[in-house]
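Written out below as structure tokens is the structure these notes cover.
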């Protein structure tokens, strides 16, 4: 006698693959806003550092940069189909460029207004520009990059403050020390040297901040498409 036994799970549907990162409408809107503001901030920055470019190029930056930023984020979203964290990294990088321009713009504005471009005074100006930029970075990263839901928790806020303060110490320490004890090299004037030092300090503090935000402040948030 032939006894047929039902095959187990022969018709069971295959488990769904994780969703691939895609650009949402909000992603497109956000990156266009970031690119536009970034391009606008580059105009006074190029003047402050005495970077002489044709006027047509300078004033086209607020128009061109949004589309460049959108293209870069699209590339990271495409790469993120294989590794989702790359899309998250692309968002963080966009915010990083935005905050870098914001940081540069504020410190240059304050420096021109006060006439301070070295010493302890510039450390105070740098603290103001850095604090504004890092606060802006917190909200963008919390609600866009890391997709954190709800209002900030007290423990999360405390962790954010600690990470940011360490970044502020690193950032201001480099700016103060190098502008005070290292003479401008290669024929740079004091304002150009301030911006060169600021660039170095921003790279270092951005690396620290990303590590702290991802693995301390927002460690329980998973990357989403």
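Quick look at the values:
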| item | result |
| --- | --- |
| Every residue from region 37-58 that is in contact with a helix residue (DSSP H, G or I) (Cβ under 7 Å, 6 or more places away or on another chain) and part of a helix (DSSP H, G or I) | 37, 38, 39, 40, 41, 42, 43, 44, 45, 46, 48, 58 |
| Failed criterion for residue 148 (all others in (1) over 18 Å from residue 207 (Cβ atoms); (2) in a helix (DSSP H, G or I) hold) | (2) |
| Of all residues making up region 68-85, the number that are part of a helix (DSSP H, G or I) and either touching a strand residue (DSSP E or B) at 6+ places or on another chain (Cβ under 8 Å) or under 18 Å from residue 26 (Cα atoms) (or both) | 11 |
| Lone qualifier among 84, 148, 133, 69 - being crowded, with 17+ Cβ neighbours inside 10 Å, free of Cβ contacts under 8 Å to residues at least 60 places away in the same chain and closer than 24 Å to residue 22 by Cα | 69 |
| Meets criteria (within 23 Å of residue 199 (Cα to Cα), in contact with a helix residue (DSSP H, G or I) (Cβ under 9 Å, 6 or more places away or on another chain) and assigned to a helix (DSSP H, G or I)) for residue 65 | yes |
| Top-ranked residue of region 166-225 - restricted to ones that are modelled with pLDDT under 85 and under 15 Å from residue 104 (Cβ atoms), ranked as surrounded by the fewest Cβ atoms within 10 Å (Cβ to Cβ) | 203 |
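The values are calculated or read from the model by the stated rules, or taken from the named source; none is laboratory data. Source: prediction; values computed, not measured. Positions of Cβ are generated from backbone atoms using ideal geometry, with glycine treated the same way; all protein chains shown enter the neighbour counts.
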